Amino acid sequence: MSPELSVVIPMYNEEDVLPLLVDRLRPLLEGLGTAYEVIAVDDGSTDLTAALLQRLHREWHEFRVVRLRANAGHQAAISAGLVSALGDYVVTIDADLQDPPEVIVEMLAKAKGEGVDVVYGVRTDRSTDSVFKRVSARGFYAMIRTISGTSAQSDAGDFRLMSRATVDAINELPEHNRVLRFIVPALGFPSDAVDYRREERAAGTSKYPLLKMLKLSVDSVTGFSMAPLRLATLLGLGGGALAVLLGVFALVERARGEVVAGWTSTVVIVAAVGAAQLLCLGLLGEYIGRMYTQMQGRPTYFIAYDSLTASVGRHGPTDTPLPPEPREPRVRAVRRGPGSRADPPAATPSRVSDVAGR
């Protein structure tokens with residue numbers, strides 16, 4: 001029987017915050033009164049996150065572990081969780097507790113009550129983020145909406161609830177380097193939003209430094225709009241028109257017997273044209289690189305282990321299963337023959353292991 005709700009949590013080196021997350025998430029889900037599953041996607045963690053997830057899997061029946069063979073990135077980890085999720089509704093949430101798990105209850109109620117396919121978590125209060133992050137995020141989202149025509153929420157990240165139809169549509173997309181916070185609005189499914197206050201990170205450090213944010217921005221722009229290519233075309237046309245005008249001006253001045261003095265203007269023009277050319281080449285290179293990656297068809301992630309399939313003995317030859325849960329030694333009962341008057345002597349530890357191994 002498939003669960004009604006799946007909660008997908010990408011994780012990378014979250015050993016400090018993981019116990020805090022479980023303390024808030026587990027009572028909340030158990031109080032819903034519906035079948036659910038939690039899918040923790042271990043994105044190649046190098047700390048004790050994998051060991052903590054193993055213990056949780058043994059102690060929490062609804063807790064699944066999906067382990068990627070190597071670090072593939074935040075968006076790839078979410079995609080792996082969406083492929084593995086079985087629920088009628090799927091929630092994606094980060095492990096740092098900046099997005100409160102308690103909002104999931106409101107999201108599920110709104111999806112059922114209003115019949116929408118997507119419910120976005122929108123941050124109405126981002127005072128815990130830096131001024132630079134708030135201003136740059138709003139400006140970037142405004143630019144994406146302008147050049148791509150999507151209705152992406154300015155303060156909505158990867159905290160959202162999606163219906164099974166939405167998840168299936170995402171899983172069928174062939175593109176690599178997905179940016180789900182823009183892919184989901186681009187699908188155009190009926191949606192709504194739930195407001196909440198963004199909290200400070202409960203523990204650990206951020207896994208999205210400036211360089212990763214820049215990479216995410218480039219993937220977003222080149223993945224959702226042809227505007228940069230059109231910008232390169234417009235710059236080329238403008239540069240050509242300017243060159244024609246300058247040529248006409250030079251011919252007129254030559255006919256009048258006057259020579260344009262000064263090398264500064266020449267250097268400035270050459271530098272400006274060279275900069276425009278390099279910009280256009282860089283934009284073209286981004287698109288050609290995406291086409292090259294798409295033609296290669298290499299997966300962006302490799303699932304090394306899924307506790308759901310491993311529990312029924314279906315994991316493949318390249319899977320890395322969890323260590324088996326230790327079992328208590330079993331001692332075979334000894335029958336007393338007729339005439340026995342005393343109990344047999346207690347088995348020593350060596351005899352216990354010998355008996356259990358028979």
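Each reported figure results from applying straightforward, stated rules to the coordinates on display, with no laboratory input. It should be emphasised that the depicted structure is a prediction, and the values quoted were computed from it without experimental measurement. Because the Cβ atoms are built from the backbone with ideal geometry, glycine has one as well, and the counts that use them run over all protein chains shown.
Packing here is the average count of other Cβ atoms within 10 Å per residue, and on that basis the peptides 98-108, 7-17, highest first, run 7-17, 98-108. For a modelled paramagnetic label at K112, 7 Å from Cα along Cα-to-Cβ, the residues of the stretch 72-92 in reach, with backbone nitrogen under 19 Å, are 86-92.
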